[in-house]
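I have a structure I would like to understand better, so I am pasting it below and will then ask my questions one at a time.
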Amino acid sequence: MTVIVERPSCTGTTTASSASTTSPTPPDRPFLAPLLPVVGQDTHVPLVDGSSRTYANLDYAASAPALTAVAARVTEVLPLYASVHRGAGYLSQVSTALYEASRRTVAAFVGARVDDVAIITRNTTDAVNLLAGCVPKGGRVLVLDVEHHANLLPWVHTGRGAGRSTTILPVEATVALTLAALGRELGRNAYALVTVTGASNVTGEALPLADVVRLAHGAGARVLVDGAQLVPHRGFSLAATGVDYVAFSGHKTYAPFGAGALVGRRDWLDAGTPYLAGGGAVRDVRTDRTLWQPAPARHEAGSPNVIGAIALAEACEVLSGLPAGALDAHEQELRTRLVEGLDALDGVRVVRIWPDSAEPVGVVTFTVAGHDPGLVAAYLSAEHGIGVRDGRFCAHPLLAHLGASTGAVRASVGVGTSSEAVDRLLGALAQYLDGGARADYVVVDGCWAVQDDPRPLLPVHGIDALAATAGAACGPALDD
Ligand code: PMP
């Protein structure tokens, strides 16, 4: 393993080190408890000083922990699990019924219209790639330059959309100007599809969907919403917004069991290229021709992820059972507390795409002037038990647009987050800016880590040393 020892500039060599010495958290802010119980809420992690703390998970935008209700549901249905769709046995029929009921629950959760179809995918990336093979031949696609790579690359370079005509429209300085540019482009050229994020995985922001739908439909184009960050945090309805397709991921929706979904208009999905060729997707096969099923079976070849679909459906049920507005209120309060606290720290800059975007979800990305984001993230983990993400968040064009090409730090919240995690982050950053990190840090295969990390491994079967995964987890080749 390559080890490049670097003395990080974390001991006060930058302008940022002259920051405020007081806690950035207003003392009169009341404690905000988690909205829902999630698995692992009380997990302790070791710190470099030999102590331990409950893990402050501020990385929900990457993957959210399972709801305890989801874990209980998985435990409940596992004994009933058997082959689906083609099994004659009793448990096969139970499993098939559970799988198909899950599909209906997932569809209802995103407000599917009666004619819409829900396809169980692996995740959002899978769902977008699937739709890329279903846009009618010759149809042009319009995408903004702020998208996650999952909603950018399938339309341009690789995958089933390869070779299609795609326009990447640069965003403008405000929401109003960006919508105007979108309208102009839709007036200039005919598009089959406009694909937009429902909430940016970098800033939590989005264009107002009602305006995007009005402009796109007015020009004869359909709309896909990348709902990876929207659906778990705000709720979403195809019927209410008029959006044609939505893609989202179970592992960001408190159901980390490998399922996601693409839900939307049936005609393209019935006619499109089958996502995978294989059993279950076909009506009849001869050696000289194949008759394919309509959607959803057309795109679900192979044995489906039954447990993943059931877990996702359970998460959808629990989230839709929350009192109206509770999810938004919880995450908005945490986001406001976080952003106000970060704004109070000298040298810390919260990035935004548009100054006039409304109510971003609980995803906040910031830079610390003069400090490597990877070092800041490693410090937060090793000295405070806080999990954040650093890098370019699979949105390289957006990070360049935001003036953060070398990366940034992202904190994100969800139903299992309490205000303690947010306050701990703010306190830890204030301490870092005042006095620097206590431990020594080195770069191992492009990833910041504690030098001679003394932290013991949690007693978990299957891993021998954290160091063995360090390079793989955050090396440049896997930048997220
Ligand atoms: N879109 C957005 C906005 C995301 O945040 C992510 C995940 N970071 C994706 C798409 C891709 O999701 P997945 O990795 O579950 O396919």
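Can we say Asp372 is touching a residue at least 60 places away in the same chain (Cβ under 8 Å), under 30 Å from Leu322 (Cα atoms) and away from the ligand (no atom under 15 Å from the Cβ)? If you could, list the steps in order and put the result at the bottom.
On the way: touching a residue at least 60 places away in the same chain (Cβ under 8 Å): yes; under 30 Å from Leu322 (Cα atoms): no; away from the ligand (no atom under 15 Å from the Cβ): yes.
Considered against the rule, which asks whether it is touching a residue at least 60 places away in the same chain (Cβ under 8 Å), under 30 Å from Leu322 (Cα atoms) and away from the ligand (no atom under 15 Å from the Cβ), Asp372 comes out as no.
Continuing with this model, one more query. Report every pair of residues separated by at least 6 positions or lying on different chains whose Cβ atoms are under 7 Å apart, first residue within region 241-258 and of a type in the set (Asp, Glu), second more than 11 Å from the ligand (Cβ to nearest atom) and part of a strand (DSSP E or B).
Going by the 7 Å Cβ cut-off, the qualifying pairs are Asp244/Arg222; Asp244/Val223; Asp244/Leu224; Asp244/Gly264.
Is it the case that Ala118 is under 21 Å from the mean Cα position of the chain (by Cα), away from the ligand (no atom under 16 Å from the Cβ) and under 16 Å from Val231 (Cβ atoms)?
When the stated conditions are applied, Ala118 passes them.
Would you check which residues across region 394-416 are away from the ligand (no atom under 13 Å from the Cβ) and at positive phi and list them?
Listed by number, the residues that qualify are Gly403, Gly407.
Next question, about the same structure. Looking for something polar (S, T, N, Q), in contact (Cβ under 8 Å) with a residue 24 or more places away in the chain and in a strand (DSSP E or B) - is there at least one such residue anywhere in region 146-164? First the steps, then the outcome.
Looking only at region 146-164, we keep the residues that are polar (S, T, N, Q), and these are 151, 158.
Going one step further and asking which of them are in contact (Cβ under 8 Å) with a residue 24 or more places away in the chain, we end up with 151.
Narrowing further to those that are in a strand (DSSP E or B): none.
No, the conditions are met nowhere in region 146-164.
When residues of region 121-133 are filtered for being outside any helix (DSSP H, G or I) and either near the ligand (Cβ under 7 Å from one of its atoms) or out of contact with any helix residue (DSSP H, G or I) (no Cβ under 7 Å at 6 or more places or on another chain) (or both), how many remain?
So in region 121-133, the residues outside any helix (DSSP H, G or I) come out as 121-123, 133.
Cutting the leftovers down to either near the ligand (Cβ under 7 Å from one of its atoms) or out of contact with any helix residue (DSSP H, G or I) (no Cβ under 7 Å at 6 or more places or on another chain) (or both) gives us 122-123.
So the count comes out to 2.
For residues that are without any contact (Cβ under 8 Å) to a residue 12 or more places away in the chain and of a type outside the set (A, V, I, L, M), scanning just region 299-351, find the one that is nearest to Ile119 (Cα to Cα).
In this case the residue turns out to be Gly321.
I'd like the full set of residues that are closer than 17 Å to Gln332 by Cα and touching a helix residue (DSSP H, G or I) at 6+ places or on another chain (Cβ under 8 Å), limited to region 408-424.
Answer for region 408-424, where residues must be closer than 17 Å to Gln332 by Cα and touching a helix residue (DSSP H, G or I) at 6+ places or on another chain (Cβ under 8 Å): Ala411, Val413, Gly414, Val415, Thr417, Ser419, Val422, Asp423.
Here's a check for you: in region 74-104, which residue that is in contact with a strand residue (DSSP E or B) (Cβ under 9 Å, 6 or more places away or on another chain) and hydroxyl-bearing (Ser, Thr, Tyr) is farthest from Glu300 (Cα to Cα)?
Taking region 74-104 and keeping what is in contact with a strand residue (DSSP E or B) (Cβ under 9 Å, 6 or more places away or on another chain), we get 99, 102-104.
Among the residues that remain, those that are also hydroxyl-bearing (Ser, Thr, Tyr) are: 99, 102.
Values: Tyr99: 12, Ser102: 15 Å.
Out of the qualifying residues, it is Ser102.
Within the set of pairs 6+ apart or on separate chains, which have a first residue in region 193-211 that is open to solvent by less than 20 Å² (accessible area, probe 1.4 Å), a second that is of a type in the set (Lys, Arg) and within 11 Å of the ligand (Cβ to nearest atom), and C-beta atoms under 9 Å apart?
Between residues of region 193-211 that are open to solvent by less than 20 Å² (accessible area, probe 1.4 Å) and residues that are of a type in the set (Lys, Arg) and within 11 Å of the ligand (Cβ to nearest atom), the close pairs are Asn201/Arg410; Val202/Arg410.
Looking at (1) more than 16 Å from the ligand (Cβ to nearest atom); (2) touching a Phe, Trp or Tyr at 6+ places or on another chain (Cβ under 9 Å); (3) of a type outside the set (Asp, Glu), which is the only condition Tyr81 fails?
(2)
Separate question: Which one is farthest from Ala150 (Cα to Cα) among residues in region 41-87 that are among the basic types (Lys, Arg) and surrounded by fewer than 16 Cβ atoms within 10 Å (Cβ to Cβ)? Show your work before the answer.
So in region 41-87, the residues among the basic types (Lys, Arg) come out as 53, 73, 86.
Narrowing the set further to residues that are surrounded by fewer than 16 Cβ atoms within 10 Å (Cβ to Cβ) leaves 53, 86.
Numbers: Arg53: 35, Arg86: 33 Å.
My answer is Arg53.
Here is a follow-up. Picking from Arg455, Arg424, Arg438, which residue would you name as being part of a helix (DSSP H, G or I) and touching a residue at least 60 places away in the same chain (Cβ under 8 Å)?
Going through Arg455, Arg424, Arg438 in turn, just one is part of a helix (DSSP H, G or I) and touching a residue at least 60 places away in the same chain (Cβ under 8 Å): Arg424.
In region 142-163, how many are more than 16 Å from the ligand (Cβ to nearest atom) and either surrounded by 19 or more Cβ atoms within 10 Å (Cβ to Cβ) or modelled with pLDDT of 95 or more (or both)?
Qualifying residue count, region 142-163: 1.
Right, another one. Here are some residues: Thr13, Thr25. Which one is over 30 Å from the mean Cα position of the chain (by Cα) and modelled with pLDDT under 95?
It is Thr13.
Further, regarding this structure: Please go through region 42-63 and give me each residue that is more than 16 Å from the ligand (Cβ to nearest atom), part of a loop (DSSP other than H, G, I, E, B), of a type outside the set (A, V, I, L, M, F, W, C) and touching a strand residue (DSSP E or B) at 6+ places or on another chain (Cβ under 8 Å), ordered by number.
Within region 42-63, Asp42, Thr43, Tyr55 qualify.
Have a look at Thr290, Thr273 and point out the one that is assigned to a loop (DSSP other than H, G, I, E, B), more than 18 Å from the chain's Cα centre (by Cα) and of a type in the set (S, T, N, Q).
Going through Thr290, Thr273 in turn, just one is assigned to a loop (DSSP other than H, G, I, E, B), more than 18 Å from the chain's Cα centre (by Cα) and of a type in the set (S, T, N, Q): Thr273.
The values are calculated or read from the model by the stated rules, or taken from the named source; none is laboratory data. It should be emphasised that the depicted structure is a prediction, and the values quoted were computed from it without experimental measurement. Note that we place each Cβ from the backbone using ideal geometry, even for glycine, and neighbour counts take in every protein chain shown. Surface accessibility is based on the protein's heavy atoms, side chains included, excluding ligands, DNA and RNA. Shrake-Rupley method; radii C 1.70, N 1.55, O 1.52, S 1.80 Å.
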